[in-house]
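Okay, structure first, notes after.
The values are calculated or read from the model by the stated rules, or taken from the named source; none is laboratory data. Small disclaimer: the values here were computed from a predicted structure and weren't measured. So basically every Cβ, Gly included, is an ideal-geometry build from the backbone, and we count neighbours across all protein chains shown. Note: areas computed on protein heavy atoms with side chains; ligands, DNA, RNA excluded. Shrake-Rupley method; radii C 1.70, N 1.55, O 1.52, S 1.80 Å.
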Amino acid sequence: MLLYHLSAQENLLKLNFRNPEEEMAAMAKSSDFGAFMEKFTLHPTSSSHQLPLSGLTFAIKDIFDVNGYVTGFGNPDWARTHTAATSTAPAVLAVLGAGATCVGKTIMDEMAYSINGENKHYGTPRNPCAPDRIPGGSSSGSAVAVGAKLVEFSLGTDTGGSVRVPASYCGILGFRPSHDVVPTAGVTPMAQSFDTVGWFARDPLILSRVGHVLLHLPMVDPIKPIQVIIPDDCFSLSSIPSNRTSEVLIKSVKKLFGDHIVKHVKLADYVKDKVPSLQKFMNVGDGDRLYDIASLAALSSARSLLLRYEFKNNHAEWITGVNPDLGPGISEHVWEAVRTTGENIDTCHSVKIEFCAALSALIGDCGILALPTVPGAPPKLQTDPTTLEVFEAQAFSLLSIASVSGFCQVSIPLGMHDNLPVSISLLARHGSDSFLLNLVETLYDTLQQESEIAEKMIS
């Protein structure tokens, strides 16, 4: 913490302030990496030292209701037109009840409609791994607070990738649970077919403890995976060399469980064959130009349409009535959603059902599907949104796999490549959250060791 404080002081010497209040505000912003919207303290509801999260601090995305506080949803017009919450979200109450202390609310992308992490109104939380790169969103501040060691864990939400992406970009663990297993009451909705409450941590044991509290599950002994599936076509989307991602995982799995459980597949062909409803979305919007995997591009298109439709149902009345000031990229997405019709929505639901069944059959009980969390390193700050179209299209091809299936997914850091954070993701069947959390604990140290070896070999 002292290093962060000194760094903030050094930065302040370069600036000219009009008054002491402005100087104090800038100092506070710099010392907390710009992660927080508002700082306050919510004490544990029990003082017992035997509780699983006793002594831990956490932060929450400004999408969770806290009694007496306005839920800002990342936008000042939203905050201005909404009253303070009269109750606290059950997910927040659960971790408070398990002994943790909340220290404040974190900045998020406006209306949760971005995976970049930049907010033109409140500032962009500073990526502790790569200060010139975006932190990822929309749970940007929650990821930065953990990555900068300001808290032990934090809560975010993940609809299209808003926990997985910032976890990857900030070099920490991020968990998206199975859909509908953690209550989303008291959380401002984006699209209910995909909304989940997720969480971040640096330590796999804390990640697991938080997960078991939120999932209301007892801690159990780890179960050995029966197969770890490597979809080579998905890893071909990544600009990160395979010896820093999939090969690190393969070596770790072989060392711990044996090489017989590693299986290679081409996911694109499997999805195309097993999810016939996707045909409706094939080659939508120049898909061949933007994506390398047509069936996963179609999956992403179906997800996007259903997300826009549900977002419209949730928020169109407020958007059209208030006409909020929205940042670049986000404004276009929001108004596109408002114009969305109900055409092909039934097909989207068919895709979800077929895809869930197909992926369940492929992975099986106690199986794992590995993926790149994102297709490359975090982009630079203030990059023109139009130049990120291909990157984001590929990202959503990967992210849509868990979003559409409702499966649980964890993003695991694998050190640095070219001085930028690297990660890999593991998916498990819906309801296998405890199995996946335990597997992360088992694999984590070996993954870090193999990652360090790979990093040294490259350098």
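Can you tell me the mean projection area, over all orientations, of the convex hull of the stretch 344-459's alpha carbons? Units nm², please. Walk me through the numbers before you get to the answer.
Working: hull surface 37.1 nm².
Computing the convex hull of the Cα atoms and averaging its projections yields 9.3 nm².
Based on DSSP, what percent of beta bridges with both residues in the chain are antiparallel, to the nearest 5? Before the final figure, lay out each step's value.
Details: 28 of 42 bridges.
Taking every DSSP beta bridge with both residues in the chain, the antiparallel ones total about 65 percent.
Across every pair of different alpha-carbon atoms, what Kirkwood hydrodynamic radius in Å does the stretch 207-277 reach?
Working: mean 1/r = 0.0673 Å⁻¹.
Value: 14.9 Å, from the Cα pair sum.
In whole Å, what three semi-axes, largest first, describe the equivalent ellipsoid of the stretch 92-196 built from its Cα gyration tensor (square root of 5 times each eigenvalue)? The partial results should precede the final answer.
Values: eigenvalues 83, 56, 30 Å².
Sorted largest first and rounded, they come to 20, 17, 12 Å.
Tell me the carbon and sulfur percent of the accessible area for the stretch 153-230, rounded to whole percent, probe radius 1.4 Å. Write out the running numbers ahead of the final one.
On the way: 1260 of 2170 Å².
Exposed carbon and sulfur together represent 58 percent of the surface.
Can you grab the distance from the C-alpha centre of the stretch 145-183 to the C-alpha centre of the stretch 322-350, Å, no decimals?
Computed from Cα coordinates, the inter-centre distance equals 24 Å.
If you take the beta carbon distance between N283 and D180 as r and set R0 to 35 Å, what does 1/(1 + (r/R0)^6) give as a FRET efficiency, to the nearest 0.05? Intermediate results must be reported in sequence, preceding the final value.
Working: r = 32 Å, r/R0 = 0.91.
Calculated transfer efficiency: 0.65.
Express the accessible area of the chain per residue in Å², computed with a 1.4 Å probe while the remaining protein chains stay in the model.
Numbers: 18420 Å² over 459 residues.
That works out to 40 Å² for each residue.
Relative contact order of the chain, please, whole-number percent, based on alpha carbon pairs below 8 angstrom and at least 6 residues apart.
On the way: 994 pairs, mean separation 78.0, N = 459.
Computed over the chain, the figure is 17 percent.
Percent of Cα-Cα pairs per 20 Å bin, from 0 to the last occupied bin, for the chain, please list those.
Taking every Cα pair in the chain, the percentages come to 26, 60, 14, 0.
How large is the accessible surface of H82 in square angstrom, using a 1.4 angstrom probe and rounding to the nearest 10?
60
Helix-derived [θ] at 222 nm for the chain: sum -39500 (n - 2.57) over DSSP H runs of at least 4, divide by residue count, nearest 500?
Values: 16 runs with 192 residues, N = 459.
Roughly -13000 deg cm²/dmol at 222 nm, from the helical runs in the chain.
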